[in-house]
Every structure is written in structure tokens, then in C-alpha cells.
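The structure under discussion appears below in the form of C-alpha cells.
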Amino acid sequence: MSQTIPHTQLSSEPEVSCSSCAACCCQLEVLLFGDSGVPPRYIDTDQWGGEVMRRLDDGWCVALDRDSMRCTIYEVRPLICREFELGAVECLEQRRGIAGAYR
């Protein structure tokens, strides 16, 4: 009698990790509310007068370290960055969007 080895279904999504991501969420506009704790050199004013995270000419957040693709102000990052949950629908959509850009 042969023993059946159970089939393991592999996830269709690769394991999500910020360390293996292209930091595509760091290209989104980040609105700042109240006293965000973000150092002033990282803050810009949008066309409506609201405070936003400053982005460089290439569209990436100024707080992103381009070598490591990690946030340089992680401990005081804006609330919206804290709420952008790793592996959530929005995160996966952004990851798929950036992956499609390189095809």
C-alpha cells in the first residue's frame, strides 16, 4: 500500500517583505496632519497649501534611502506610512503596479 503525500498549495503571491520590495509605496503622495513629528527638511507644501512629504524630481520620497530602499525616518514616519500595512490590498496593488512597469 502506498502512502499519499499531501499536496501543499503554494501561495500565488511571493512572500511580502519591505526588504525585498522596490518601495513603490514611497512614490505615493503622503499628506501630513497636525504635528507629524517629521523633520521640517522632509516637508513640502502642495498646491492647495497642505503639508506633504517632500519628493525628489524622480517622484520618490525624500526620506527613502536609495541604496537600501528603506525609510531614513522610520521611527517618526507619518501616520499614513504607519497605516500602509505590509501585505494589505493596497500594498499588493502597488507591488503589482511597479512589477508591471518593468515588463
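Do we have residue 79 as farther than 19 Å from residue 17 by Cα and either of a type in the set (Phe, Trp, Tyr) or under 15 Å from the mean Cα position of the chain (by Cα) (or both) here? Can you show your working first?
On the way: farther than 19 Å from residue 17 by Cα: yes; either of a type in the set (Phe, Trp, Tyr) or under 15 Å from the mean Cα position of the chain (by Cα) (or both): yes.
Yes, satisfied.
Can you tell me which residues in region 88-103 are at pLDDT 80 or above and surrounded by fewer than 15 Cβ atoms within 10 Å (Cβ to Cβ)? If the condition is that a residue be at pLDDT 80 or above and surrounded by fewer than 15 Cβ atoms within 10 Å (Cβ to Cβ), then 88, 89, 90, 92, 93 are the ones that fit. Which of the numbered conditions does residue 42 fail, given that it passes all the others? Conditions: (1) touching a helix residue (DSSP H, G or I) at 6+ places or on another chain (Cβ under 7 Å); (2) over 18 Å from residue 21 (Cβ atoms); (3) of a type outside the set (Lys, Arg). Checking residue 42 against (1) touching a helix residue (DSSP H, G or I) at 6+ places or on another chain (Cβ under 7 Å); (2) over 18 Å from residue 21 (Cβ atoms); (3) of a type outside the set (Lys, Arg), the one that fails is (1).
The single condition among (1) modelled with pLDDT of 80 or more; (2) among the charged types (D, E, K, R); (3) surrounded by fewer than 10 Cβ atoms within 10 Å (Cβ to Cβ) that residue 55 does not meet is (3).
Of everything in region 15-31 that is in a loop (DSSP other than H, G, I, E, B) and loosely packed, with under 10 Cβ neighbours inside 10 Å, the residue that is modelled with the lowest pLDDT is 15. Annotation: of all residues in region 32-45 being of a type outside the set (Val, Ile, Thr) and surrounded by 11 or more Cβ atoms within 10 Å (Cβ to Cβ), the one that is modelled with the lowest pLDDT is 36.
The values are calculated or read from the model by the stated rules, or taken from the named source; none is laboratory data. Just so we're clear, the structure is a prediction, and the values are computed from it rather than from any experiment. So basically every Cβ, Gly included, is an ideal-geometry build from the backbone, and we count neighbours across all protein chains shown.
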